[in-house]
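*Asks:* Sending over a structure as structure tokens; questions will come in a sec.
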Amino acid sequence: MLKIIKALASGAAIATLTVASAQSQDHDLKPTIVLVHGAFAESSSWDAVIAHLTKDGYVAIAAANPLRSVASDAASVAAVVRTIHGPVVLVGHSYGGPVITEAANGNPNVKALVYVAGFMPDTGESSLTLSGKFPGSTLASALAPVTLPDGTQDLYIQPSKFHLQFAADVSDDKAALMASAQRPVAQAALAEPSGAASWKLLPSYMIYGSADRSIPPAVMQFMAERAHAAKTVVVDGASHALMVSHPGEVTALIEDAASAR
């Protein structure tokens, strides 16, 4: 009997050590970076950022953002997050900001939120209400609406205005490709009120350009200050597409969020 008890005790000790080791390894895992594009962009807009992150040893996923509604888009991203073992940093560009804000809710492995020229809405706010909070956006005059069979509207940026409006600090050739590959956003998604503001519970980070024509820099400063962002970076002269034009600065902020304890 004594031998059996000793064997059981030894087995329990080994199991405890195994669990503790696994927990320690989980704690030491580098977070997976989930990147969420916004309106008028698509997943390849993160290519240069992904290259930097991969070089630095991170796993990065450019999640598909349907651009249909905040709630359903967030559900799509949240489903991706739930497949990931270990911590996650959610990164959202532009309209991707409201999406990651909602997607973080109910996903305890999300450790931080990074807003790349992104909206950081409080409960009940929308992309439209925030963009009009301060003057400076010229986006409305650059849009080209397309009426869908169900009577709703999709919004594109007119190709001839895309470069100046969205990506002024990107080369002509690159901006032309981006304009051709842009994905439309449902007009209703931009007006949809946001749910619970997860940035009130999670560390948040903000980076934006001083020459952004789509979201006024004053709006992003306001949101970062309201959220008491852990770190805010303003890239002088950068456009709305700073993940394309300034991937190094964007990557550095993401890695700051990922490495923070």
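*Asks:* For the chain, calculate the relative contact order in percent as a whole number, restricting contacts to Cα pairs under 8 Å that are 6 or more residues apart.
*Replies:* Reported as a whole number, the value is 22 percent.
*Asks:* What residues qualify as long-range amide H neighbours of ALA60, i.e. H under 5 Å apart, gap of 5 or more or another chain, H built at 1.01 Å from N?
*Replies:* HN-HN under 5 Å from ALA60: ILE33.
*Asks:* If one puts a single equal scatterer on every Cα of the chain and applies the Debye formula without solvent, what log₁₀ I(q)/I(0) results at q = 0.09, 0.10 Å⁻¹?
*Replies:* Listed by q, the Debye log ratios stand at -0.41, -0.48.
*Asks:* Can you list residues whose amide H is under 5 Å from GLU125's amide H, if they're 5+ apart or on another chain and H is modeled 1.01 Å from N?
*Replies:* HN-HN under 5 Å from GLU125: SER194.
*Asks:* Mind listing P(r) for region 181-261? All alpha-carbon pairs, 5 Å bins, whole percents.
*Replies:* Going from the shortest bin to the longest, the percentages are 3, 13, 19, 22, 22, 16, 5, 1.
*Asks:* Follow-up. List the residues of region 53-78 whose backbone N lies under 13 Å from a point placed 7 Å from the Cα of ALA188 along the Cα-to-Cβ direction.
*Replies:* Under 13 Å, as judged by backbone N against the label point of ALA188, lie 68-73 of region 53-78.
*Asks:* Of LYS55/LYS111; LYS174/LYS200; LYS55/LYS200, which ones are farther than 29 Å apart at the Cα?
*Replies:* Pairs exceeding the cut-off: LYS174/LYS200; LYS55/LYS200.
*Asks:* Counting Lys +1, Arg +1, Asp -1, Glu -1, what net charge surrounds GLY124 among other residues with beta carbon under 15 Å of its beta carbon?
*Replies:* Cβ neighbours under 15 Å give a net charge of -1.
*Asks:* How many percent of Cα pairs in region 79-196 exceed 21 Å?
*Replies:* Distances greater than 21 Å cover 48 percent of the Cα pairs.
*Asks:* Continuing with this model, one more query. Give me, ordered by chain and number, the residues 5 or more places off VAL235 or on other chains with an amide H under 5 Å from its own placed amide H.
*Replies:* So VAL235 has HN proximity to TYR208, GLY209, SER210.
*Asks:* Could you work out what % of the accessible surface of the chain is carbon and sulfur, using a 1.4 angstrom probe and leaving DNA, RNA and ligands out of the count?
*Replies:* 61 percent
*Asks:* Sticking with this one: Going by average Cβ density within 10 Å per residue, which order do the peptides 62-75, 135-148, 87-100, 32-45 take, highest to lowest?
*Replies:* 87-100, 32-45, 62-75, 135-148
*Asks:* Oh, and also: In whole Hz and in residue order, list the ³J(HN,Hα) couplings for region 121-132 that follow from phi through the Karplus curve 6.51 cos²θ - 1.76 cosθ + 1.60, θ = phi - 60°; x for Gly and Pro.
*Replies:* Karplus-based 3J(HN,Hα) across region 121-132 equals x, 8, 4, x, 8, 10, 4, 5, 5, 6, 5, x Hz.
*Asks:* Label-point separation (nm) for HIS85 and ASP173, each offset 7 Å from Cα along Cα-to-Cβ?
*Replies:* It works out to 4.3 nm between the two label points.
*Asks:* About its Cα centre, how strong a charge dipole does the chain have in debye, to the nearest 20, once Lys and Arg get +1 and Asp and Glu get -1 at the Cβ?
*Replies:* With only Lys, Arg, Asp and Glu charged at Cβ, the dipole is about 840 debye.
The values are calculated or read from the model by the stated rules, or taken from the named source; none is laboratory data. Source: prediction; values computed, not measured. A quick note on method: Cβ atoms are made from the backbone with ideal geometry, for glycine too, and the neighbour counts reach across all protein chains shown. Ligands, DNA and RNA are stripped out before the accessible areas are found, and what is left, the full protein with its side chains, is counted by its heavy atoms. Shrake-Rupley method; radii C 1.70, N 1.55, O 1.52, S 1.80 Å.
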